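Taking it in order: structure first as structure tokens, then the write-up.
The values are calculated or read from the model by the stated rules, or taken from the named source; none is laboratory data. Being a predicted model, the structure only gives us computed values, none of them experimental. Cβ atoms come from the backbone with ideal geometry, glycine included; neighbour counts cover every protein chain shown.
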Amino acid sequence: MTVIRHVLSRILFAGFAALVGAFFALPMLWLTLAPFNARGTLAVEIPRPFTLANFQAVFANAFAVRALGNSLILAGGTMLVVTLTATLAAYALSRAEVPYYDLLTYGLILFSSVVTGTAAMVPIFLLANALGLVDTYVGVIMAFTGGLLPTAIFILRDFVEGLPRSYEESAMVCGASPWRMVWDVVMPLLRPGMMVVGIWAFVQVWGAFLIPFVLLRSPARMPAAIAIYSFYTEAGTPILTLTSAYALLYALPVLALYLFVNARYGFRFFGGIKR
Amino acid sequence: MARIRLEGVTKAFGTVVAVDAVTLDIEDGEFFALLGPSGCGKTTTLRLIAGLERPTRGRIFIGERDVTELPPQARDVAMVFQDYALYPHMTVLENIGYPLKVRRYAKPEIHRRVREVAEVLQIADLLDRRPGQLSGGQQQRAAVARALVYHPQAFLFDEPLSNLDAKLRLEARSFLKHLQKSLGITTVYVTHDQAEAMALADRIGVMDQGRLLQVGTPLEIYRRPRNTFVATFIGSPPMNLLSGRLHLAESALILTDGQALSVADRVEALRQAFREGERVWLGVRPEHLALAEGPGPTHLSARVYAVEPLGVETLVTVQVDEERLTLRLSVDEPPVLREQVWVRIPLERALFFRESGELAL
């Protein structure tokens with residue numbers, strides 16, 4: 001009896017898991033198959049006839065190709081600025097024991113969702129305009145940084161808290177200056193946290209549409225999230241063959257970044273030191 | 001190598017006074033142990049010397065230099081932390097060489113000197129490993145090597161043996177003592193383990209509640225503890241204390257249960273030190289107590305409370321009224337539980353403390 005029940009429960013579980021898996025896998029499968037299909041379709045099917053013409057068409061669109069580079073600049077730039085400033089800020093906030101720290105961070109996180117949200121677009125545009133940052137990479141990177149920083153600090157502080165102070169104290173007694181100590185001891189030990197925050201920031205910017213759409217003017221600076229609309233018809237419907245090919249190209253850098261970081265450093269979403 | 005002096009050093013955290021007006025002079029080349037229960041301020045005192053804390057009041061000197069206002073980087077001391085604080089992302093070689101790296105030594109020089117201390121500490125074959133791949137004892141050696149490599153003015157140890165198991169601890173203890181003696185570097189060693197302090201130190205400073213109660217050689221402190229706190233903190237098992245009232249006219253000490261102990265031998269000295277009828281604490285080390293055949297002027301009637309055979313000796317705890325005495329006996333046939341026995345109090349070796357706890361005689 002128990003054996004049968006066991007087998008039955010295994011079958012049921014496997015079936016359920018397959019269903020859930022299919023739900024998530026089918027769109028991915030479409031994304032990997034559709035770009036090679038000569039006929040634009042929403043069905044998941046083996047490309048027939050198989051073709052690379054879609055990619056030829058995409059690469060012929062200089063605006064769209066350039067946009068991928070722009071996306072890299074914006075996402076990469078934001079990633080660097082957010083990770084570095086958030087690390088230093090989280091470290092300082094943790095070690096200096098700022099009163100009401102938690103209230104402060106939660107407040108900032110709340111406000112930050114406004115900063116990158118639709119509601120604040122007009123003031124952000126006016127501010128960027130006043131600072132002469134409209135239609136510049138710097139303006140977009142700064143707007144994103146402002147929005148992502150509180151959450152990044154919040155995530156990183158947990159990693160800093162997990163760092164025993166004796167490491168820093170020992171470095172100081174050894175003769176290391178405060179900067180040296182942070183660079184040699186604190187930063188390497190915070191690397192898993194910095195990786196998490198860095199990738200998270202990269203992905204946030206990579207997929208964002210609204211902020212660059214509002215803050216950037218010239219087509220030469222537009223990121224891929226906006227450029228993908230150049231593969232829509234005049235009537236506003238996507239040309240499936242081209243959008244899917246572009247979307248695949250658009251997805252590759254994030255995938256590569258994730259694989260690289262995971263292979264090199266491993267991913268952890270919590271603090272603490274692996275001794 | 002240098003002398004370390006603390007002059008009236010006080011450290012307060014808010015309203016809590018962790019270190020209270022400590023004045024201390026540690027000789028050049030001395031092995032000095034700061035001993036006390038947890039929270040007594042010994043680690044804070046060490047951190048004040050290292051520069052990791054700034055004193056609220058008082059001055060600290062290393063050598064002839066007033067280092068009170070100097071950051072840890074400028075004090076030229078080395079510290080071994082309780083958790084060793086070996087950087088997990090560096091190899092043992094990089095860990096040991098780190099103090100030299102921040103001092104901008106050339107790489108070949110760093111390698112040469114790291115190898116040299118690693119030889120001394122017998123960890124030369126572990127230099128390519130990471131701290132996580134070392135055993136507790138090896139980690140401890142690596143931490144000591146990192147302290148040794150830059151020839152600091154002084155070593156500061158914060159309970160470096162407390163993370164080792166009992167067997168390794170004894171081994172590491174004699175190793176540390178040997179090392180310190182052969183290098184002659186001034187060492188301040190913080191511990192809560194009185195046996196460790198006794199075994200290692202040239203002199204011990206006993207601390208409690210932020211104050212330095214007594215400074216002296218291990219034997220001085222063992223033989224003549226300045227007060228009942230030190231008396232009961234040093235020694236394992238600690239000193240026995242009996243409370244009683246002096247009847248100098250009758251040359252007797254009347255214990256709380258009414259038993260009288262003749263103090264005739266020392267009555268002259270007791271007269272000098274105490275008033276008639278004063279309450280006192282009588283202190284006797286367990287090894288000075290002995291069993292007696294029958295009643296006598298310095299014998300106490302007691303009942304056996306516990307018998308702990310340790311091999312070389314047997315610890316026998318007896319109960320006298322409310323109080324317990326521990327005897328350290330090396331007899332073949334120790335008394336049995338609940339037996340009624342006579343304990344001889346050797347008054348010539350006994351210490352007399354005032355009711356407040358201060359040693360008087």
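Among (1) in a strand (DSSP E or B); (2) of a type in the set (A, V, I, L, M, F, W, C); (3) within 14 Å of another protein chain (Cβ to nearest Cβ), which single condition is B:Ile96 missing?
All conditions are met except number (1).
Determine if region A:49-70 includes at least one residue that is more than 24 Å from A:Phe202 (Cα to Cα), in a helix (DSSP H, G or I) and touching a strand residue (DSSP E or B) at 6+ places or on another chain (Cβ under 6 Å).
no
Those residues that are more than 27 Å from B:Arg173 (Cα to Cα) and in a strand (DSSP E or B), I need them from region B:1-18; list them, please.
Just the residues of region B:1-18 that are more than 27 Å from B:Arg173 (Cα to Cα), to begin with: B:7-18.
Once the filter is applied, which keeps residues that are more than 27 Å from B:Arg173 (Cα to Cα) and in a strand (DSSP E or B), region B:1-18 yields B:Glu7, B:Gly8, B:Val9, B:Thr10, B:Lys11, B:Ala12, B:Phe13, B:Val16, B:Val17, B:Ala18.
Taking the condition of being surrounded by fewer than 17 Cβ atoms within 10 Å (Cβ to Cβ) and modelled with pLDDT of 85 or more, how many residues in region B:251-261 meet it?
Taking region B:251-261 as the starting set, the residues that turn out to be surrounded by fewer than 17 Cβ atoms within 10 Å (Cβ to Cβ) are B:254, B:256-258, B:260.
Remaining after also requiring modelled with pLDDT of 85 or more: B:254, B:260.
Residues in region B:251-261 being surrounded by fewer than 17 Cβ atoms within 10 Å (Cβ to Cβ) and modelled with pLDDT of 85 or more: 2 in total.
So in region B:73-92, with the set limited to residues that are more than 7 Å from every other protein chain (Cβ to nearest Cβ) and outside any loop (DSSP other than H, G, I, E, B), which one is nearest to the chain's Cα centre (by Cα)? So that I can check it myself, show each step before the final result.
So the first thing to find is which residues in region B:73-92 are more than 7 Å from every other protein chain (Cβ to nearest Cβ), and the list is B:74-76, B:80, B:82, B:84, B:86, B:90-92.
Of the ones still in play, those that are also outside any loop (DSSP other than H, G, I, E, B) are B:74, B:80, B:92.
Details: B:Ala74: 29, B:Val80: 18, B:Val92: 31 Å.
Of everything passing the filter in region B:73-92, B:Val80 is nearest to the chain's Cα centre (by Cα).
Is it fair to say B:Gly235 is crowded, with 19+ Cβ neighbours inside 10 Å, at pLDDT below 95, on the phi > 0 side of the Ramachandran plot and touching a helix residue (DSSP H, G or I) at 6+ places or on another chain (Cβ under 9 Å)?
Numbers: crowded, with 19+ Cβ neighbours inside 10 Å: yes; at pLDDT below 95: yes; on the phi > 0 side of the Ramachandran plot: yes; touching a helix residue (DSSP H, G or I) at 6+ places or on another chain (Cβ under 9 Å): yes.
Judged against the criteria, B:Gly235 is a match.
Each row is one residue, and each column tells you yes or no for (1) under 17 Å from A:Glu169 (Cα atoms); (2) basic (Lys, Arg); (3) in contact with a helix residue (DSSP H, G or I) (Cβ under 7 Å, 6 or more places away or on another chain).
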{"residue": "B:Thr45", "(1), (2), (3)": "yes, no, no"}
{"residue": "B:Glu64", "(1), (2), (3)": "no, no, no"}
{"residue": "B:Leu100", "(1), (2), (3)": "yes, no, yes"}
{"residue": "B:Tyr105", "(1), (2), (3)": "no, no, no"}
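So A:Phe209 clears everything in (1) modelled with pLDDT of 90 or more; (2) among the aromatic types (Phe, Trp, Tyr); (3) farther than 30 Å from B:Tyr87 by Cα except one condition, right? Which one?
With (1) modelled with pLDDT of 90 or more; (2) among the aromatic types (Phe, Trp, Tyr); (3) farther than 30 Å from B:Tyr87 by Cα applied to A:Phe209, the lone miss is (1).
Consider region A:219-237. How many of its residues are more than 23 Å from A:Gly146 (Cβ to Cβ) and in contact (Cβ under 8 Å) with a residue 24 or more places away in the chain? Please lay out each step first, then the result.
Here is the first cut: in region A:219-237, the ones more than 23 Å from A:Gly146 (Cβ to Cβ) are A:219-220, A:227-237.
With in contact (Cβ under 8 Å) with a residue 24 or more places away in the chain added as a condition, the list becomes A:219-220, A:227-228, A:230-231.
Within region A:219-237, residues that are more than 23 Å from A:Gly146 (Cβ to Cβ) and in contact (Cβ under 8 Å) with a residue 24 or more places away in the chain number 6.
Being farther than 20 Å from A:Ser177 by Cβ and either at the interface with another protein chain (Cβ under 8 Å from one of its Cβ atoms) or buried (at least 22 other Cβ atoms within 10 Å of the Cβ) (or both) is the filter here, so list the residues in region B:58-72 that pass it.
Within region B:58-72, just B:Ile60 meets the criteria.
Go through (1) part of a helix (DSSP H, G or I); (2) buried (at least 21 other Cβ atoms within 10 Å of the Cβ); (3) within 14 Å of chain B (Cβ to nearest Cβ) and name the single condition A:Trp179 misses.
A:Trp179 satisfies every listed condition except (2).
Condition first: away from chain A (no Cβ under 13 Å) and either surrounded by 15 or more Cβ atoms within 10 Å (Cβ to Cβ) or more than 19 Å from B:Lys101 (Cβ to Cβ) (or both). Now tell me which residues in region B:116-137 satisfy that. Spell out how you get there, then give the answer.
So in region B:116-137, the residues away from chain A (no Cβ under 13 Å) come out as B:116-128, B:137.
Listed by number, the residues that qualify are B:Val117, B:Ala118, B:Glu119, B:Val120, B:Leu121, B:Gln122, B:Ile123, B:Ala124, B:Asp125, B:Leu126, B:Leu127, B:Gly137.
Go through A:Asp184, A:Asp158 for me and flag whichever is over 30 Å from A:Ala247 (Cβ atoms) and either of a type in the set (Lys, Arg) or away from chain B (no Cβ under 14 Å) (or both).
A:Asp158
Right, B:Arg211: among the basic types (Lys, Arg), at pLDDT 95 or above, out of contact with any Gly (no Cβ under 6 Å at 6 or more places or on another chain) and over 30 Å from B:Ala260 (Cα atoms) or not?
On the way: among the basic types (Lys, Arg): yes; at pLDDT 95 or above: no; out of contact with any Gly (no Cβ under 6 Å at 6 or more places or on another chain): yes; over 30 Å from B:Ala260 (Cα atoms): yes.
No; evaluated as a whole, the condition is false for this residue.
Among the residues of region A:240-250, is there at least one that is modelled with pLDDT under 90 and farther than 18 Å from A:Val58 by Cα?
Checked against the condition, which is being modelled with pLDDT under 90 and farther than 18 Å from A:Val58 by Cα, region A:240-250 yields no hits at all.
Can you tell me which of (1) surrounded by 15 or more Cβ atoms within 10 Å (Cβ to Cβ); (2) in a helix (DSSP H, G or I); (3) among the charged types (D, E, K, R) is the one B:Glu220 doesn't meet?
All conditions pass for B:Glu220, except number (1).
Does A:Val261 satisfy being modelled with pLDDT of 85 or more and hydrophobic (A, V, I, L, M, F, W, C)? Explain how you work it out, then say what you get.
Numbers: modelled with pLDDT of 85 or more: no; hydrophobic (A, V, I, L, M, F, W, C): yes.
Judged against the criteria, A:Val261 is not a match.
State all residues of region A:66-76 that are over 20 Å from A:Ile199 (Cβ atoms) and out of contact with any helix residue (DSSP H, G or I) (no Cβ under 6 Å at 6 or more places or on another chain); if no residue qualifies, say none.
Pass one, region A:66-76, residues over 20 Å from A:Ile199 (Cβ atoms): A:66-67.
If the condition is that a residue be over 20 Å from A:Ile199 (Cβ atoms) and out of contact with any helix residue (DSSP H, G or I) (no Cβ under 6 Å at 6 or more places or on another chain), then A:Arg66 is the only one that fits.
For region A:77-175, which helices (runs of 4 or more DSSP H) that fit wholly inside it have 3 or more residues that are in contact with a helix residue (DSSP H, G or I) (Cβ under 9 Å, 6 or more places away or on another chain) and small (Gly, Ala, Ser)? Before you say what the answer is, go through the steps one by one.
Details: elements: A:101-115, A:121-130, A:137-161, A:165-174.
So the answer is A:101-115, A:137-161.
Just the residues that are polar (S, T, N, Q) and either at pLDDT 95 or above or under 21 Å from B:Leu179 (Cα atoms) (or both), please, taken from region B:70-124.
Step one: of region B:70-124, the residues polar (S, T, N, Q) are B:73, B:82, B:91, B:95, B:122.
Those that are polar (S, T, N, Q) and either at pLDDT 95 or above or under 21 Å from B:Leu179 (Cα atoms) (or both): B:Gln82, B:Asn95, B:Gln122.
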